[in-house]
Amino acid sequence: MNANQRYAKPTAGDFARILAEDSTATLHGNADSIVDSITIDSRATPSTDNTIFCAIRTAVNDGHRYTGEMYRKGVRNFLVETMPETPLPGATFIVVPSVTTALHKLAGHYGSGTSTAIVTGSTGKSTTKELIYNGLLRHNANVARSPRSYNSFIGSAIARLEAYMTATPETYIAEAGIDAPAQGHAFAESFGDSATTGVITRITDEHDENFDSHESKILEKIDIVSRCRHIVYDNSDPLVGELLRKKLPPATRLTPVGTPDNPADAHALASAAFPDIDFSQIIDCPARISINPGVRGNVLIQDGYTPDIVSLPYALDRARRHATASRPLVLALGCLQGDTSTLAEAIDDAKHRYGICAVIDEENCDTAFADSHILIFGTPGEKLKRFIESHERADHDTTLIVDLDAIVHNFDYFRRTVPKGTGIVAMVKASAYGMGSIEIGKALQSRGAAYLAVAVVDEGVDMRRAGIDMPLMVLNPVTNHYRELFECHLEPAVFSIDELRRLSAESRDAGMLHYPVHIKLDTGMHRVGFTEEMLDMLADELKDNNAIAVRSVFSHLATADCTDMDDATNAQLESFDRLSASLEKKIGGTFARHILNTAGMLRFAGHGQYEMARLGIGLYGISPLPYPVPALRPVAALHTAIISLKHWPAGTHIGYGGRGQTMRPSIIATIPVGYADGINRHLGCGKASFVVNGVECPTIGNICMDQCMIDVTDAPDVAVGDTVEIFGFRMPVERLAQALDTIPYEILTSVSQRVHRTYLTR
């Protein structure tokens with residue numbers, strides 16, 4: 001199957017039939033009930049109406065206690081071991097002996113046609129997994145992987161099953177971690193014959209206390225990959241290789257990497273596992289870090305990965321890639337796990353290898369830094385916490401939280417919607433729709449994107465200065481910015497003869513030959529671009545023009561998101577096919593073509609094999625269609641905090657002009673966010689609600705410049721300092737857009753630059 005093909009959405013009946021093959025699974029309810037997402041977390045709000053809640057029993061809790069709660073949240077599909085005592089009308093139950101076993105059975109069934117690479121070990125699993133995934137993506141493989149650090153026995157099954165339900169990857173990269181005996185064999189059974197390649201990263205003494213011996217833990221790790229035909233392993237512990245040779249059949253191909261003095265890093269392991277892939281260009285694999293602009297020009301990089309000394313190089317690698325030459329790197333060490341006897345040696349090596357200008361710790365953190373990248377590694381104590389607080393930005397309580405992992409997830413999803421080999425142009429114009437083009441660009445530049453696209457030259461210049469070196473497309477006219485264009489290797493879009501002639505002349509004057517450009521055709525948007533009547537004139541200018549080279553020809557769909565205007569969209573597609581083919585023939589050269597936008601990728605990907613497609617709003621987790629796309633993850637959340645609470649009787653007027661009025665004894669909260677932050681004045685007077693402690697609280701009175709008021713009477717246990725979600729994961733940005741009769745794009749791009757941005761990645 002290719003990247004476009006999908007399984008039909010499974011039903012509860014499908015699940016029950018698969019599980020009944022070798023167990024006593026029974027179905028109670030609607031066999032045709034669709035299942036398109038899975039959750040085991042009773043605290044979570046279901047992502048779709050077709051979520052299935054899996055009731056997991058553990059030593060400390062029992063998911064069966066929460067079936068009623070999930071039913072009240074809208075869940076109608078349940079995977080359980082026992083039926084609830086209280087009837088839940090309209091719900092569908094699949095009853096099995098073991099929910100955990102059932103999840104692995106389902107994952108094994110749907111993944112039977114997939115080649116699975118399994119990454120296990122103690123440290124570096126997530127980094128190695130992400131590196132392999134990125135490398136295969138760059139190689140145009142149809143690949144999926146377990147998200148974040150979903151490596152537990154339960155988490156692995158859910159991640160695999162959701163991946164197989166969303167698309168049909170040819171290769172799946174699984175991360176598998178164990179912290180207790182008897183899980184390794186169960187993992188191997190779950191992967192079954194799909195297991196092809198195993199990677200064992202460095203095995204440390206972490207969690208040794210849960211096993212009879214260090215040797216028994218190694219044997220458990222080996223069990224996980226025991227069905228793989230090729231196993232690459234870190235050779236820093238000779239015992240690993242010895243046990244592999246003893247335990248596995250002679251036919252298993254074993255590849256040791258590294259030595260006791262020089263443990264294997266992620267690049268070495270990945271290259272040994274997939275020797276046909278060039279991993280040298282993959283420079284940034286997400287881990288659990290947050291990147292926060294601070295005071296005095298500082299940037300704080302807080303690494304939440306395992307604070308073991310052996311993980312320090314991985315953390316430094318990630319920090320160094322986010323740092324720029326203009327900002328030196330400071331290492332702030334908290335409490336570390338594992339054997340710290342080599343810490344001094346590791347720090348000396350890090351100073352030389354990563355260019356660290358200073359190292360501080362709990363006993364030496366009185367220095368104030370400016371214009372630095374500060375990596376916080378390990379668990380901070382009280383003094384280091386005060387150091388962090390003093391360097392964090394504290395001048396505004398309002399924060400736009402941007403989940404870079406969600407950006408990557410959405411990018412990967414859209415890569416699978418278009419035919420294999422189609423390059424993705426990621427739109428990061430308008431500061432990445434308000435979220436920060438530099439950080440979004442850094443998150444995407446190693447994901448296999450063909451281009452990043454900005455609106456104006458200045459945006460591209462800023463990205464180059466930040467160290468982004470992948471191809472950049474500029475969509476608006478260049479006008480007088482030719483010097484910056486050439487110096488920063490930015491590729492302009494051209495949609496007029498005059499601009500084409502100016503650019504050609506400037507290119508020759510600068511001594512540039514065959515400078516790459518992108519030609520815009522007008523096929524129906526009627527905004528800018530060359531029309532059919534201008535095609536001959538365009539071809540005459542391009543033919544034998546050695547100053548420029550046509551890198552791509554593109555157009556823009558006007559109605560792809562309008563399901564009642566497909567005739568117009570199809571007419572545009574046909575016009576684009578005809579005009580681009582004609583131009584190619586007239587100038588006697590080849591170029592890439594792209595016309596599909598986010599809506600086009602979702603609805604018209606099967607029209608033809610275009611070389612590229614442009615991903616805009618979908619990258620940011622928002623559907624451009626009149627219906628949601630469940631696979632997309634929200635990216636941005638705008639949060640603030642309550643700064644004042646007051647109790648007012650019924651009939652009290654609130655805010656400018658007294659436009660708000662309490663209709664009952666009320667608790668009114670003031671929050672430090674207003675129209676200067678991007679909160680439109682038309683959202684006042686109850687037109688919108690913000691979320692406090694899980695409850696939607698309406699605005700009351702007019703929105704002020706820097707503040708506004710909300711009615712928190714119904715919010716439980718409300719207090720000063722409580723978080724308020726303006727939009728995000730509980731309050732979709734689409735809701736605010738509807739209240740303003742606008743589109744989510746406007747809401748996102750309206751968030752003021754004075755609002756602090758925090759970037760999360762795992």
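The values are calculated or read from the model by the stated rules, or taken from the named source; none is laboratory data. Being a predicted model, the structure only gives us computed values, none of them experimental. Reconstructed Cβ throughout: ideal geometry from the backbone, glycine too, with neighbour counts over all protein chains shown.
The table below gives the values:
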read-out: Condition met for residue 110 (farther than 30 Å from residue 57 by Cα and not β-branched (Val, Ile, Thr)); value: no
read-out: Residue check, residue 588 within 17 Å of residue 521 (Cβ to Cβ), surrounded by fewer than 20 Cβ atoms within 10 Å (Cβ to Cβ) and either charged (D, E, K, R) or modelled with pLDDT under 95 (or both); value: no
read-out: Residue satisfying condition, being on the phi > 0 side of the Ramachandran plot and either modelled with pLDDT of 90 or more or surrounded by 14 or more Cβ atoms within 10 Å (Cβ to Cβ) (or both), within set 184, 192, 198; value: 192
read-out: Leading residue by the ranking (surrounded by the fewest Cβ atoms within 10 Å (Cβ to Cβ)) among those in region 725-762 that are farther than 23 Å from residue 407 by Cα and hydrophobic (A, V, I, L, M, F, W, C); value: 740
read-out: Residues of region 372-428 classified as touching a residue at least 40 places away in the same chain (Cβ under 8 Å), buried (at least 20 other Cβ atoms within 10 Å of the Cβ) and either among the basic types (Lys, Arg) or in a loop (DSSP other than H, G, I, E, B) (or both), total; value: 8
read-out: Within region 656-681, considering residues that are assigned to a strand (DSSP E or B) and not polar (S, T, N, Q), the one surrounded by the fewest Cβ atoms within 10 Å (Cβ to Cβ); value: 667
read-out: Those residues of region 702-724 which are surrounded by 15 or more Cβ atoms within 10 Å (Cβ to Cβ), among the aliphatic types (A, V, I, L, M) and closer than 7 Å to residue 674 by Cα, in sequence order; value: 703
read-out: Selection from region 263-280 of residues that are charged (D, E, K, R) and not in a loop (DSSP other than H, G, I, E, B); value: none
read-out: Filtered residues of region 461-517 (kept if under 36 Å from the mean Cα position of the chain (by Cα), farther than 21 Å from residue 594 by Cα and of a type in the set (D, E, K, R)); value: 462, 464, 465, 469, 483, 484, 487
read-out: Residue within region 91-100 that is surrounded by fewer than 24 Cβ atoms within 10 Å (Cβ to Cβ), aromatic (Phe, Trp, Tyr), farther than 27 Å from residue 202 by Cβ and not assigned by TED's automatic domain parsing to the domain that holds residue 419 present; value: yes
read-out: Counted residues, region 221-254 - those being in contact with a helix residue (DSSP H, G or I) (Cβ under 8 Å, 6 or more places away or on another chain) and more than 25 Å from residue 274 (Cβ to Cβ); value: 1
read-out: Residues (among the charged types (D, E, K, R) and more than 22 Å from residue 344 (Cβ to Cβ)) located in region 361-385; value: 371, 382, 385
read-out: Test: residue 48 is part of a loop (DSSP other than H, G, I, E, B), modelled with pLDDT under 90 and touching a strand residue (DSSP E or B) at 6+ places or on another chain (Cβ under 6 Å); value: yes
read-out: Helices (runs of 4 or more DSSP H) lying entirely in region 453-566 (those with 1 or more residues that are farther than 21 Å from residue 426 by Cα); value: 482-487, 497-509, 535-542
read-out: Residue match in region 597-608 (condition: within 20 Å of residue 475 (Cβ to Cβ) and assigned to a loop (DSSP other than H, G, I, E, B)); value: yes
read-out: Index of the failed condition, residue 686 passing every other in (1) touching a Pro at 6+ places or on another chain (Cβ under 7 Å); (2) part of a strand (DSSP E or B); value: (2)
read-out: Flag if residue 90 is assigned to a loop (DSSP other than H, G, I, E, B) and at positive phi; value: yes
read-out: Every pair of residues 6+ apart whose Cβ atoms lie under 6 Å, when the first sits in region 339-363 and is under 21 Å from residue 298 (Cα atoms) and in contact (Cβ under 8 Å) with a residue 12 or more places away in the chain while the second is assigned to a strand (DSSP E or B) and of a type in the set (Val, Ile, Thr); value: 350/356; 358/330
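Here is a yes/no grid of residues against (1) in the same structural domain as residue 317 (by TED's automatic domain parsing); (2) among the charged types (D, E, K, R); (3) crowded, with 23+ Cβ neighbours inside 10 Å:
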| residue | (1), (2), (3) |
| --- | --- |
| 454 | no, no, yes |
| 482 | no, no, no |
| 486 | no, no, no |
| 493 | no, no, no |
| 498 | no, yes, no |
